[in-house]
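Working notes, structure below.
The values are calculated or read from the model by the stated rules, or taken from the named source; none is laboratory data. All of these numbers come straight from a predicted model, not from anything done at the bench. Counting neighbours? That spans all protein chains shown, and the Cβs are built from the backbone with ideal geometry, glycine included.
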């Protein structure tokens, strides 16, 4: 970038700012002049944007090509990672279910043996706990090297009962409907807003 060129752009921008700041609008002729100044400002902004684009367009194109090249390299790796992660987490769920089932079985067996001992004791039999010890079930858990982080998340089950606090108005859908000619949407005020065009 040529510093002299940048200085020229800044100077023209300053002149436009000064023109806009100094102009008052109290009658039709001044309103007409304001429109002329705004047209000049708009033209100046377009020129500045064109100059900016002339500098950034080649950079953006180069960046786009670099990103596309790396994306092409990374996507199959990410896919392989996701597939393996899915298989790993599926195994963890199955293993945890198996462990939970073993834990439930051990608890049930402990309860069965305790009831037998209580029944023998109720009949007057001597129950020697040291002969038939009732072991507490071992704490089972998945013991692998996977690092797992648990996060709260959600799935929508019935959108009709979700409280309003968690609903978002679809602004783009409303804008599309208005563009398509809709003029009455319950809870929405539809009106025309003036915008100056230069």
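When segment 1-37 is examined, which residues are found to be assigned to a helix (DSSP H, G or I), touching a helix residue (DSSP H, G or I) at 6+ places or on another chain (Cβ under 8 Å) and under 15 Å from residue 196 (Cβ atoms)? Break it down into steps so the answer makes sense when it comes.
Kept after step one, since they are assigned to a helix (DSSP H, G or I), are these residues of segment 1-37: 3-22, 28-37.
Pick out the ones that are also touching a helix residue (DSSP H, G or I) at 6+ places or on another chain (Cβ under 8 Å) and you get 5, 9, 12-13, 16, 19-20, 37.
Of everything in segment 1-37, those that are assigned to a helix (DSSP H, G or I), touching a helix residue (DSSP H, G or I) at 6+ places or on another chain (Cβ under 8 Å) and under 15 Å from residue 196 (Cβ atoms) turn out to be 20, 37.
Condition test on residue 63, is it farther than 30 Å from residue 149 by Cβ, in a helix (DSSP H, G or I) and without any contact (Cβ under 8 Å) to a residue 60 or more places away in the chain?
Details: farther than 30 Å from residue 149 by Cβ: yes; in a helix (DSSP H, G or I): yes; without any contact (Cβ under 8 Å) to a residue 60 or more places away in the chain: yes.
For residue 63, the condition - farther than 30 Å from residue 149 by Cβ, in a helix (DSSP H, G or I) and without any contact (Cβ under 8 Å) to a residue 60 or more places away in the chain - is met.
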Query raised in the report: Within segment 145-198, can you find the residues that are surrounded by 10 or more Cβ atoms within 10 Å (Cβ to Cβ), assigned to a loop (DSSP other than H, G, I, E, B) and modelled with pLDDT of 90 or more?
Result: 162, 170, 182, 190
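In this structure, is residue 50 in contact with a helix residue (DSSP H, G or I) (Cβ under 9 Å, 6 or more places away or on another chain), part of a helix (DSSP H, G or I) and farther than 30 Å from residue 145 by Cβ?
On the way: in contact with a helix residue (DSSP H, G or I) (Cβ under 9 Å, 6 or more places away or on another chain): no; part of a helix (DSSP H, G or I): yes; farther than 30 Å from residue 145 by Cβ: yes.
Here the answer is no, as residue 50 does not meet what is asked.
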